[in-house]
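Right, one structure below, let's go through it.
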Amino acid sequence: MVTSAPSPAVRAVLDAAGDASGAPPELLGEYLALLEQAGRSGEHASEVDLEAIRHLGARAADEGISAEAAVRLYLAAAWRLWRELPIGTDPADPATVRSAGEAVLRVVDDAVAALVAGHQARRREAAYEEERQRRRFVDDLLRGDADVAALVERAEPFGLDLARPHQIALAFPLRGGAAAEGAATTLERSVVDRFGDREVLVADKDDVVVVLVPETEPDPRGDVGDLLHKELTKHHGGTWGIGVGRPHSGAYGIARSYEEAREALALMRRLPLDTNVLRARDLLVYRVVARDHAAIADLVHAVFTPLLAARGGPEPLLRTLETYFAVGGNVTEAARRLHLSVRAVDYRLERVAALTGFAVSESHDRFTLNVAVVGARLLGWPNNQELRLP
């Protein structure tokens, strides 16, 4: 490895190259001495020399100096030093000059390649570390049991003020579509355009896209759930389920909103709801139903056990009730969605009344049947005969 003090001429080159490139001359290390050595003896840079230059490239990345500026420094230093370079044993011989020029250019090429490689490697390491820290932060934030004071401090680099109300939206590919990791990358720009580059976070966790946004005023374009569904369907295809938690304040509030969004996605998988965007505020009635497990299990058992004796089993009758209630009791629309005739739907509803003793034409019975259908889906009945919540 070359180690020698720079001559006055070289010192002038160092200063001029630094001025021209905007990068500190210290990043050149022994590069100019390598050029002098190549001009004098035709010797190439050794692997030890190039490794030292790779370290200088990494140092430039650490100091926030772009690879472009570092390369300009090396090229500016090379052409400024050219006239000062010693040329072999016979500077008047064209062959000697040509050989020296080739050796110098080889050193320039190898040195610049090593410099850029070191810079890029350090940038990749930094990006990997940043992503690792980001994932750890997201995990701790959504878990809700981390040190709150430390969490608030860690949130600052991500532009989050945890004292403000935030809400979580989750997106999961129900059928087709891209993987959550790829979807999160392309979705981030749309979220930032809509909500700004502060107080937002887009990540993927356990094959689900996680989006954190601040509480906002009502928007005619819809909320974060509508935005995610539109953008994911547009750019990634497939069918996406979106669960949206309610806005809550504080670090614990974010974890609460996350759990609400997860509950919405879980309910979407268990119930054939007529929507791909489910909001926690719309789930309150389901939570009430599910909270008293013993009562809802007793209701399902008491009302629907007779359906087990129906020809074809209880599922067609349950699906008919479910669709009938979903369209507000409109038999014609229920028939269209079920791909049945109106007469067939009427017949099924009559069979329910005959078997259970509850008729949709009676207001009290209609309410009982509606709640029982929700309970049956939540409990997984009739497949789950033990009537336990999953």
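The values are calculated or read from the model by the stated rules, or taken from the named source; none is laboratory data. These numbers come from a predicted model, not from an experiment. When the accessible area is computed, the model is the full protein with side chains, heavy atoms only, and any ligands, DNA or RNA have been set aside. Shrake-Rupley method; radii C 1.70, N 1.55, O 1.52, S 1.80 Å.
Quick notes on this one:
- Helix 180-195 vs. the chain, principal-axis angle (Cα, 0 to 90°, nearest 10): 90 degrees
- Ratio of Rg to Rh for the range 222-282: 1.00 [Cα atoms; Kirkwood radius as inverse mean 1/r over pairs].
- Solvent exposure of the range 249-364 as accessible area per residue, Å², 1.4 Å probe: 54 Å²
- Note that the range 189-237 presents 54 Å² accessible area per residue, ligands and nucleic acids not counted, probe 1.4 Å.
- Cα-derived Rg to Rh of the chain, Kirkwood definition: 1.29
- Choice from Glu362, Glu129, Glu260 showing the highest fluctuation, given a GNM over the chain with Cα pairs closer than 10 Å: Glu362
- Convex hull volume of the Cα atoms of the range 170-324, normalised per residue: 143 Å³.
- With all protein chains modelled, accessible area of Asp298 [1.4 Å, Å²]: 100 Å²
- Each 10 Å bin from zero up to the one holding the largest Cα-Cα distance in the range 33-167 carries the following percent of pairs: 11, 28, 19, 15, 11, 9, 5, 1.
- For the range 20-61: Kirkwood Rh in Å [reciprocal of mean 1/r, alpha carbons]: 11.1 Å
- Relative frequency of Cα-Cα separations exceeding 16 Å in the range 46-97, percent: 59 percent
- Within the assembled protein chains, the solvent-accessible surface assigned to Ser363 is about 80 Å², based on a 1.4 Å probe.
- Fluctuation leader among Val200, Val138, Val300 - the chain, Gaussian network, Cα springs under 10 angstrom: Val300
- Surface composition of the range 307-378: carbon plus sulfur atoms contribute 51% of the solvent-accessible area (1.4 Å probe, protein chains only, all chains present).
- Portion, in percent, of the accessible area of the range 120-167 that falls on carbon or sulfur, probe 1.4 Å: 48 percent
- Three-way shape label, the range 276-360, alpha-carbon gyration tensor, a/c 1.5: oblate
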